[in-house]
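Notes for the one structure printed next.
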Amino acid sequence: MVKEEWIKKGYVDEPIDETVDLKAGIRALCKEKNAVIMAHYYTEGEVQDVADFVGDSLALAQKAAATEADIIVMCGVHFMGETNKILCPDKTVLVPDLNATCSLAESCPADKFSDFVKAHPDHTVVSYVNTTAATKAVTDVVVTSSNARQIVESFPKDAKLIFGPDKNLGGYINSLTGRNMLLWDGACHVHEKFSVEKILKLKEEHPDAKVLAHPECKGAVVKLADVVGSTAALLRFAIKDEAQEFIVATESGILHEMQKSCPNKKFIPAPPEDSTCACNECNYMRLITLRKVYNCLKYEWPVIEVDAEIAAQAVKPIRRMLDISAELGL
Ligand code: 13P
Ligand code: SF4
């Protein structure tokens, strides 16, 4: 039974016997319940290590759409759980902590975005996957940072497009494609914070290092990067490139998989502007701990639910994204 105090906290807060090996316990629960664990690259390394699949936003949606498991544990943020639930309405989708939201998704409230869309009735609406289900419900096609350029380019050159909510990603895609999409004024509090000065200083100290940046970063950071891409694209580049050192301007959780894949290369997290910390973490992603993963599997809560009417609308732009991505081999 779901306890009142769990509902207040947003996660299962039950003591776990100290003798329990959390990783082994999680794997045993997955087997018993036919559950699959998916994790985003920004979660804690130990959470990524216990997952069946670790990926970027596009790959996580593609995996969810194809899974035969009865339960999906989405180790990531709330909108990722919603996307999974919309794609798999008959499955139980769990996110281990309901407080794991996303500043970018929250920068685009559905009612205000809907007013913006209504004010431009001749525009097609392209929304980044980092949005709530309700915002997706007023969207024509969803994109991720892995397919945004190609999906925008699939529209005629003179198509009138709205892009929300990330102004940085939208501005970057405008610059790549020569489009002039109307941009919603939203941003991610993690990616906005990278310091150009501190990255330049790191480049002086590591002259052979290449700079990897996520397109959610500010334009000034993107400009000084050697490669710009989704987390999966940055990882692929780090694996295949001959450089031995990389300065990484995205959430520092990705360094876990980079270092695992390339044990002999050096990965240096790009620091944020306003703190003495060397790396930049998403406080929402970091709410997902092994204890919460174990407890959410054990008690099958917190469950993600999406209002049926919203889901019926939101599934269309998500499916459209998956179909275009499949056609393009992404
Ligand atoms: P990707 O992994 O798709 O690049 O997404 C980054 C992100 O901010 C997820 O919240
Ligand atoms: Fe949202 Fe930014 Fe965290 Fe990604 S890193 S989940 S965009 S707040």
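We did not get these values from a lab; they are worked out from the coordinates using the rules stated. If you're wondering where the values come from, they're calculated on a predicted model, not measured in any experiment. Positions of Cβ are generated from backbone atoms using ideal geometry, with glycine treated the same way; all protein chains shown enter the neighbour counts.
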Subject >> Scope the range 138-157; condition more than 15 Å from ligand 1 (Cβ to nearest atom), surrounded by fewer than 24 Cβ atoms within 10 Å (Cβ to Cβ) and in a loop (DSSP other than H, G, I, E, B); matching residues >> reply: V138, D140, S154, F155, P156, K157
**OP:** Would you be able to say whether some residue in the range 77-92 is in contact (Cβ under 8 Å) with a residue 24 or more places away in the chain, closer than 17 Å to L287 by Cα, in contact with a strand residue (DSSP E or B) (Cβ under 7 Å, 6 or more places away or on another chain) and β-branched (V, I, T)?
**Re:** no
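The rows are residues; the columns are (1) within 16 Å of ligand 2 (Cβ to nearest atom); (2) among the polar types (S, T, N, Q).
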site	(1), (2)
A28	no, no
K31	no, no
Q48	yes, yes
D56	yes, no
K63	no, no
Subject >> Any hit, the range 123-130, residues being surrounded by fewer than 23 Cβ atoms within 10 Å (Cβ to Cβ), over 26 Å from L22 (Cα atoms) and out of contact with any His (no Cβ under 7 Å at 6 or more places or on another chain) >> reply: yes
Original post:
Take the residues of the range 253-276 that are without any contact (Cβ under 8 Å) to a residue 60 or more places away in the chain and within 22 Å of the chain's Cα centre (by Cα): which is nearest to V222 (Cα to Cα)?
Top reply: P269
Original post:
If a residue has to be within 16 Å of ligand 2 (Cβ to nearest atom), of a type in the set (A, V, I, L, M) and out of contact with any strand residue (DSSP E or B) (no Cβ under 8 Å at 6 or more places or on another chain) to count, how many in the range 118-151 make the cut?
Top reply: 1
Original post:
If only one of N174, N168 is more than 16 Å from ligand 2 (Cβ to nearest atom) and assigned to a helix (DSSP H, G or I), which one is it?
Top reply: N174
**OP:** For residues that are part of a loop (DSSP other than H, G, I, E, B) and either under 10 Å from I162 (Cα atoms) or touching a residue at least 40 places away in the same chain (Cβ under 8 Å) (or both), scanning just the range 108-120, find the one that is nearest to the chain's Cα centre (by Cα).
**Re:** C108
Original post:
Picking from A105, A100, which residue would you name as being within 24 Å of I7 (Cβ to Cβ), assigned to a loop (DSSP other than H, G, I, E, B) and within 14 Å of ligand 1 (Cβ to nearest atom)?
Top reply: A100
